[in-house]
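Below: one structure, written as structure tokens.
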Amino acid sequence: MMRALWTASTGMAAQQLNVDTISNNLANVNSIGYKKSRVEFKDLLYETLERGMVKDGQGKPVNLQVGHGVRTAAAVKFFTTGNLENTNNPYDLAIDGSGFFKIAGPNGEEYFTKDGAFKISIDGENYKLVTSDGYFVQGENGDIDFGSNVKDVIIDESGLITIKRTDDTLEEIGNISIITFMNPVGLESVGKNLFKESSASGVPLDTANDGTGGKLLQGYLESSNVQIVEEMVKLIQAQRAYEINSKSIQTADEMLGMANNLRR
């Protein structure tokens, strides 16, 4: 009876985390470049009450085992490409593929993102490409600096940046870095639509804009890959699983109450 109480409690704790993850997906349905997560579970230790044994073709062919519940094994992110939305903003960029933009943090840390809603930061007469938080977007030569007297910015599918000056001259200033990982699922989320390298993700691989990381689209943004209907169905399933586990606890409690009220 006590085993049922503890087993059902692990189920409730697991489903609470599942609901938390689904809620986070739904909360970020409009976050640019957000990647949905899914919680994975594994069963816990089994107690063998009777071991199966067959000798000379006779005996019990199966074990008698009782499990001790469930545990959370992992929270996996899905890096499928979200819908590409046309914004007509020349500083909005999207990568149609597995690549990431490389970002320099405030203390020199390297971050990676699928959020291409970039802005212009003016330093004197120079224009630099930054994120909404003011972090510098990285190119093959470091911070992307458009220089001065900028009339227009043209970025092709390979990431090559061409600046049209106010005197109508054209100048190529290099490529935006497109980075890939052997195991992007292992990236560590740090908030602000940013990811950080970890031992599980492997080292960042600079594609040298050879197309392996995808093609870059100017004037587009990659929306979240969260599917609202799918998440709502998962939310209902998690709620029902939580409910049935609570019902198991209630049933075990009632059975214990019956045992405690036995009379000779």
Query raised in the report: From the residues in region 5-16 that are farther than 14 Å from Arg240 by Cα and buried (at least 19 other Cβ atoms within 10 Å of the Cβ), which one is nearest to the chain's Cα centre (by Cα)?
Result: Thr10
Query raised in the report: Has region 188-196 got at least one residue that is outside the structural domain of Val29 (by TED's automatic domain parsing) and farther than 24 Å from Thr131 by Cβ?
Result: no
Query raised in the report: Pick from Leu160, Leu194: which is in contact (Cβ under 8 Å) with a residue 60 or more places away in the chain and within 30 Å of Asn86 (Cα to Cα)?
Result: Leu194
Query raised in the report: How do the strands (runs of 3 or more DSSP E) wholly within region 72-124 filter down when requiring 1 or more residues that are more than 15 Å from Glu197 (Cβ to Cβ) and in contact (Cβ under 8 Å) with a residue 24 or more places away in the chain: which remain?
Result: 84-86, 93-96, 119-123
Requested in this report: Kindly establish whether Val39 is surrounded by fewer than 17 Cβ atoms within 10 Å (Cβ to Cβ) and either more than 20 Å from the chain's Cα centre (by Cα) or in a strand (DSSP E or B) (or both).
Outcome: no
Query - Of residues in region 141-157 being closer than 18 Å to Gly99 by Cα and touching a residue at least 40 places away in the same chain (Cβ under 8 Å), the one surrounded by the most Cβ atoms within 10 Å (Cβ to Cβ) - result: Ile155
Requested in this report: Run Val19 past the list (1) at pLDDT below 90; (2) touching a helix residue (DSSP H, G or I) at 6+ places or on another chain (Cβ under 6 Å); (3) surrounded by 13 or more Cβ atoms within 10 Å (Cβ to Cβ) and report the number of the one that doesn't hold.
Outcome: (1)
**Report entry** Candidates Asp123, Asp96, Asp133, Asp56, filtered to the one that is among the acidic types (Asp, Glu), at pLDDT 85 or above and more than 18 Å from the chain's Cα centre (by Cα)
**Finding:** Asp133
Query raised in the report: Looking at Ile228, Ile178, which one is out of contact with any strand residue (DSSP E or B) (no Cβ under 7 Å at 6 or more places or on another chain) and at pLDDT 90 or above?
Result: Ile228
Report task. Please identify the pairs in which a residue from region 210-233 that is at positive phi has its Cβ atom under 8 Å from the Cβ atom of a residue that is part of a strand (DSSP E or B) and among the acidic types (Asp, Glu), counting only partners at least 6 apart or on another chain. Result -> Gly214/Asp96; Gly219/Asp92
Query raised in the report: Is it true that Asn175 is on the phi > 0 side of the Ramachandran plot and in contact with an Asp or Glu (Cβ under 9 Å, 6 or more places away or on another chain)?
Result: no
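The values are calculated or read from the model by the stated rules, or taken from the named source; none is laboratory data. What you see is a predicted model; the values in this text were computed from it and never measured. Every residue, glycine among them, receives a Cβ derived from its backbone with ideal geometry; neighbour counts consider all protein chains shown.
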